[in-house]
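Only the coordinates and a few stated rules stand behind these numbers; no lab work does. These numbers were taken from a predicted model, which means no experiment stands behind them. Here the Cβ is made from the backbone with ideal geometry for all residues, glycine too, and neighbour counts use every protein chain on show.
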Amino acid sequence: MNFAGEHDRQEVAAIAARLIADTGLDYRSAKARAVRELFGSRAPRGAIPDNDEVDEALREHLELFDDEHPARVQRLRRVALDLMDKLEQFRPFVTGAAWKGIAAEHAPVHLQLFHDNPKEVEYWLLDRKITFDVDTIENFHGRDDIEALMFDWQGEAVLLSLYDYDDLRGALKSGPRGAQRGDRDALKARMQEQR
């Protein structure tokens, strides 16, 4: 059986990071394409990095090749704060690029909302004449996919993932790399740290 070494994982992560930065691919698709580029149809066992490893490679890639990265992170965070204020009744938490401080050119502002009636979020958008698309994305708990709404806000792409209020219980646990999301105060604290 063919086993991958640490070098193979780093190579896949670096290629995936480049694909995310240059084309806007999601992590899953970028890793799959990176594996095909390096190994053809079948990757050695252990060659596929986790998302944290891709995050590190993406951060390095953006620091090296994207002079606009710091300003983009700040812009996404300002938009996230503004939108979190407006969506306060839906218990918004920021995640993704704005939270991590790793923002490729195509990265949306990703807010996770925790509310008993996700349809009310759609009504809120419709009342403000905001055009949105509906899709599904992977649930952070790893269970069934959840509804997601996509639209533009202040010139930035926004992704709202709609969770039940009960999902908030497990949302704030920190993993080995820290919290995966934060409320408005936590985001403001991260912004202060970078000044």
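Return the percentage of antiparallel bridges among DSSP beta bridges fully within region 50-195, rounded to the nearest 5 %. Could you put the intermediate results ahead of the total?
On the way: 17 of 23 bridges.
Of all bridge pairs located within region 50-195, approximately 75 percent are antiparallel.
Would you mind calculating the relative contact order of region 40-192 from Cα pairs under 8 angstrom and at least 6 residues apart, reporting the percent as a whole number?
In percent, rounded to a whole number, it is 24.
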Which one of 111, 125, 87 has the biggest mean-square fluctuation once the chain is modelled by GNM with Cα springs under 10 Å? 125
Amide H neighbours of residue 180 under 5 Å, counting only residues 5+ apart in sequence or on other chains, H built in-plane at 1.01 Å? 175
Specify the inter-centroid distance of region 35-52 and region 79-122, based on alpha-carbon positions, in whole Å. 31 Å
At a Cα cut-off below 18 Å, give the lysines reachable from residue 119, other chains included and same-chain residues fewer than 8 away excluded. 86, 129
With the chain treated as a Gaussian network of Cα nodes joined by springs under 10 Å, which of 78, 28, 184 yields the largest mean-square fluctuation? 28
Go ahead and estimate [θ] at 222 nm for the chain from helices alone: -39,500 (n - 2.57) per DSSP H run with n ≥ 4, summed, over the residue count, rounded to 500. -14500 deg cm²/dmol
Among the GluC sites (Glu not before Pro) within region 84-167, which fall in a DSSP loop and have no more than 16 other Cβ atoms within 10 Å of their own Cβ? 105, 138
Size of electric dipole in the chain: Cβ of Lys, Arg +1 and of Asp, Glu -1, about Cα centre, debye, nearest 20: 280 debye
